[in-house]
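Here the structure comes first, spelled out in structure tokens, and everything after it is commentary.
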Ligand code: IPM
Ligand code: MN
């Protein structure tokens with residue numbers, strides 16, 4: 001086995017240095033924070049078990065409830081995410097998700113019906129993905145966070161098809177950008193930038209081609225920047241940003257971008273930061289009107305499912321985001337520190353080692 005976690009750079013040090021998301025809820029019941037656990041498909045349940053093991057080692061109590069959702073469930077009885085199940089999920093403090101997706105399910109069924117439904121219906125409008133490490137060919141570590149708008153853009157599913165399968169087929173796919181949706185995301189990014197040492201925020205878009213949406217993003221960004229004089233700003237076209245991610249990632253501190261650009265850029269971010277096996281994410285509703293959702297960036301990897309070789313670090317770091325958001329800053333920091341030194345071995349062995357390190361330092 002090629003060494004799980006060996007791609008994780010020593011410099012892995014994640015954002016959230018301060019709690020910038022408002023006052024965390026301090027309403028933990030005696031039984032612990034109420035967490036809905038969706039192991040999902042493929043390697044999802046395996047990596048999540050290790051994440052929960054690491055959380056347990058911090059001493060933070062969780063009252064977990066498992067939800068059997070994902071591709072396998074859909075193939076079994078057709079449920080993707082019913083409104084009744086969604087209503088149940090709303091009652092939790094947080095949702096922790098492993099990965100979803102199974103071969104044999106048509107594209108979009110689980111993605112739109114489960115993941116995007118949660119993001120949209122729970123109004124998880126910020127997708128936060130931190131990246132740090134030494135990019136291939138670089139000598140210096142980078143450390144930046146991508147704030148991806150998570151409820152709008154091309155993901156809303158606006159569009160349709162006419163005359164499908166004929167030579168006259170027409171397919172359209174719109175991108176929805178609202179003034180409120182863009183502004184709340186941009187504000188979150190400025191607030192985050194303000195808490196970081198460099199206080200530098202870059203807008204990434206394609207304003208030279210997507211002139212309607214790009215204009216709204218740029219104007220909103222410039223207007224809000226006026227209220228954050230302590231934060232320096234920059235703009236990059238998304239294609240140029242792809243080059244910089246590889247050749248000059250040190251230029252970035254915080255990036256704010258739209259839903260689709262953020263999706264693509266964050267896979268690249270993972271690739272230059274120790275691999276997708278260590279890339280974590282938080283889907284946040286910063287207003288705290290409902291639960292936020294925490295998940296690794298990686299998918300269900302059916303090719304390695306059940307082999308015990310999946311890297312649990314992305315899931316552990318996603319759980320760290322969750323703890324941070326629930327107000328358990330110290331436990332979150334200990335989880336992150338436990339992931340810094342690379343570990344090799346099976347999924348369970350890496351999880352055991354992380355839990356051991358957590359217990360040693362808590
Ligand atoms: C991600 C994933 C999802 C997305 C898919 C599975 C719908 O790629 O979280 O980045 O496109 O947002
Ligand atoms: Mn993606």
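Coordinate-derived values only; no laboratory data. The structure presented is a predicted model; accordingly, all values stated were derived computationally and were not measured. In this analysis, Cβ positions are derived from the backbone assuming ideal geometry, glycine residues included, and neighbour counts consider all displayed protein chains.
Computed quantities for the displayed model
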{"item": "Span per principal axis, largest first, for the Cα atoms of the chain (Å)", "result": "54, 51, 43"}
{"item": "Inter-centroid distance (Cα atoms) of the stretch 262-300 relative to the stretch 232-252, Å", "result": "19 Å"}
{"item": "R0 of 35 Å, Cβ-Cβ distance residue 111-residue 63: FRET efficiency to nearest 0.05", "result": "0.75"}
{"item": "Contact order relative to length of the chain, as percent, for alpha carbon pairs under 8 angstrom and 6 or more apart", "result": "29 percent"}
{"item": "Convex hull (Cα only) mean projected area of the stretch 136-272, reported in nm² to one decimal", "result": "9.7 nm²"}
{"item": "Whole-angstrom gap from the stretch 317-362 to the stretch 90-145, using each part's C-alpha centre", "result": "19 Å"}
{"item": "Order of 242, 339 - criterion: other Cβ atoms within 10 Å of each residue's Cβ, fewest first", "result": "242, 339"}
{"item": "Added length on full extension, which subtracts the Cα-Cα distance from 0.36 nm per residue, residue 86 to residue 212", "result": "42.0 nm"}
{"item": "Highest-MSF residue in the chain out of 64, 85, 202 [GNM, Cα springs under 10 Å]", "result": "85"}
{"item": "Order by protection proxy (mean Cβ within 10 Å, highest first), peptides 161-172, 43-54, 243-254", "result": "43-54, 243-254, 161-172"}
{"item": "Prolate/oblate/rounded call for the stretch 94-167, Cα gyration tensor, a/c under 1.5 rounded", "result": "prolate"}
{"item": "Neighbour-count ranking [beta-carbon atoms within 10 angstrom, fewest first] of 353, 328, 158", "result": "158, 353, 328"}
